[in-house]
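Enquirer: My questions all concern the structure below.
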Amino acid sequence: MMDYQLNVPAILRRADELYGDREIVSRLPDKSWHRYTYADFVSRTKRLAVALRGLGLSDGDRVATLMWNHHEHLETYVGAPVGGFVTHTLNLRLHPDDNTYIASHAGDRVLVVDKVLWPLATQFVDRVGFEHVIAVGAGDTPDGAIDYEELVASGDESAFAYRDLDERSAAAMCFTSGTTGLPKGVLYSHRALALHALTAAYLMGVNEGDTILPVVPMFHANAWCFPFTCCLVGAKQVFPGPHLDPESLLEAFEQEKVTLSAGVPTIWMGILQALDATPDRWDLSAMRSMTVGGSAPPRAMLEAFGERHGLKIVHGWGMTEMCPIGTMSGGPGQELGLSTEAMYDKRAQQGTAIPFVEIRARGADGLVPWDGTSMGELEVRGPSVSSSYFEAPEAADRWTDDGWFRTGDIVTIGADGYVEIQDRSKDLVKSGGEWISTVALENALMGHPAVAEAAVIAVPDDKWSERPLAVVVLREGAAATDGELRDFLAPSFAKFWLPDRFEYVDEIPKTAVGKFRKTALREQFASATPVENV
Ligand code: AMP
């Protein structure tokens, strides 16, 4: 067979040859809509690649982005690797100190930034010392920056050629703060992204007839590969810009007849509340599948979407280190022959390994059996799994001696290969030597009608060493007592699993990608002894 290079230029060339008339739509900061075709996108992306080279960049140089999801971000996201450079998406929700460290450690030479995010960028731009700052969108270009439109216009399209880039060279980069210590960089090869884009298309049945709105930001683990997947198959792309509130998203779903969308559970919880409040307001008849991932979705939410609104949620588990999808549940054909109850049970699990991702779980005494009850740390390997962090030798122990990546997730694996995440290893509660899954307790609590959100953490305990504490946000106007919540959980769990303490808060602190920030909860509650026990 030919030694054909699987790379991002091959993805763009396909879009160029086949999908010129497909649309790409973005919502601008002022809430107006920008529309153009793939032909426009391809032409501008080629010009950008040429113009970036003209700034003095060489192969492998990093092009950082600090942008919302929109067409210019897509152009940079694809244009940098097509030109031989590396797209490095910065997370706009991180602290400026973290972005300073991340951009410096990555060696970013250029920053492409939304003008509306300039106030955020100024907090770290000077500290990093980018050679070029390129400002995107309407409004004044900050002093010293290059206007993005002028840069694109300066690129000579006739100077562009599709390059046969080595598939093992780097195309993109993303940092994860999922582990302890400093954020770690993951470099994605062209090959990993091309294979993953194809796998994602297969897993979700994405094709030219689809209209896809990724709510998940491009800076969160590659927007789960959707930008590349869409370009590969010619799906219409709709970008929400900065408008991520439920109402704006629902408007976009209806107006653009979105068929597939993707986001973290927090996004879907917000959408569910909006739909529950006014079920007949939006026509979502075009929507065939909504992907959830990033943290565990409560089963009650999956069921509510299906039973109350006829909307199907597909569930994926993944990691920044994995391009990012590792397992899927609820994909085409996965639920054949299941009763409704069994279907939601399965869909709430993280699912089976995707093609070319191998899985196994390791407990204290070695690999655990696939019996649905033995817990162990999930280990993975495959062509879309990172083999090391970027310049972080101190984290080499995240890989086993035989080359598998230790995910840090504690799971069970069923005889049918279904993975169920019980916890992050550092979030587990170990009570009297027994493990308690905080994820299982949270999901169950979020099935209580009065509970909007619940996070469970371990708190030190003299007798049991650790006990679970539940931090609860009640729905507006709803009430519940500790006793009621404990009684609600009791039928589903062993007695020692039931939280001893409940704390009620207005909001659960979230990480930069919308997950519960359990470290903050532990700081707030772990040492505080409840008044009645003093
Ligand atoms: P990140 O790299 O920031 O996306 O974080 C990856 C981690 O998020 C995983 O190791 C899991 O702990 C968690 N995670 C991602 N997807 C899921 C999911 N579907 N269910 C439960 N946890 C998840």
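The numbers here are math on the coordinates, done by the rules we state, and not lab data. The structure displayed is predicted, hence computed values, not measured ones. Glycine also receives a Cβ, built like all others from the backbone with ideal geometry; neighbour counts cover every protein chain displayed.
Enquirer: Using the Karplus equation 6.51 cos²θ - 1.76 cosθ + 1.60 (θ = phi - 60°), what ³J(HN,Hα) coupling, rounded to whole Hz, does each residue of region 273-279 give in order, writing x for Gly and Pro?
Expert: Once θ is set to phi - 60°, the couplings for region 273-279 become 4, 5, 5, 4, 5, 9, x Hz.
Enquirer: Still on this structure: Using just the helices of the chain, give the 222 nm mean residue ellipticity in deg cm²/dmol: DSSP H runs with n ≥ 4 each add -39,500 (n - 2.57), and the total is spread over all residues, rounded to 500.
Expert: Counting only the DSSP helices, I get -8000 deg cm²/dmol.
Enquirer: What whole-number distance in Å separates the alpha-carbon centres of region 297-329 and region 47-116?
Expert: 30 Å
Enquirer: Over 30 Å between Cα atoms, which of 115/236; 236/426; 184/495; 312/430; 46/312; 184/463 qualify?
Expert: With Cα atoms farther than 30 Å apart: 236/426; 184/495; 312/430; 46/312; 184/463.
Enquirer: Here's something else I'd like to know. What is the sum of charges, Lys and Arg at +1 and Asp and Glu at -1, for the other residues whose Cβ falls under 13 Å from the Cβ of residue 376?
Expert: Combined, the nearby Lys, Arg, Asp and Glu give -4.
Enquirer: Ok, one more. Express as a percent, rounded to the nearest 5, the fraction of DSSP beta bridges in region 434-534 (both residues included) that run antiparallel.
Expert: So the antiparallel bridges amount to about 75 percent of the total.
Enquirer: Now, a different point. Let me know the longest stretch in the chain that avoids all GluC sites (Glu not before Pro) found in a DSSP loop with at most 14 other C-beta atoms within 10 Å.
Expert: For GluC sites (Glu not before Pro) (loop position, at most 14 other Cβ atoms within 10 Å), the longest site-free span of the chain is 209-390.
Enquirer: Please state, rounded to one decimal and in Å, the Kirkwood hydrodynamic radius that the chain gives when every pair of distinct Cα atoms enters the mean of 1/r.
Expert: By the Kirkwood definition, the hydrodynamic radius is 24.1 Å.
Enquirer: Moving on. Return the Rg/Rh value of region 429-525, two decimal places, where both radii are evaluated on C-alpha atoms and Rh is the Kirkwood radius.
Expert: 0.95
Enquirer: If you count the DSSP beta bridges with both ends in the chain, what percent of them are antiparallel, to the nearest 5?
Expert: 60 percent
Enquirer: What does the charge dipole of the chain about its Cα centre add up to, to the nearest 20 debye, if the Cβ of each Lys and Arg holds +1 and the Cβ of each Asp and Glu holds -1?
Expert: 440 debye
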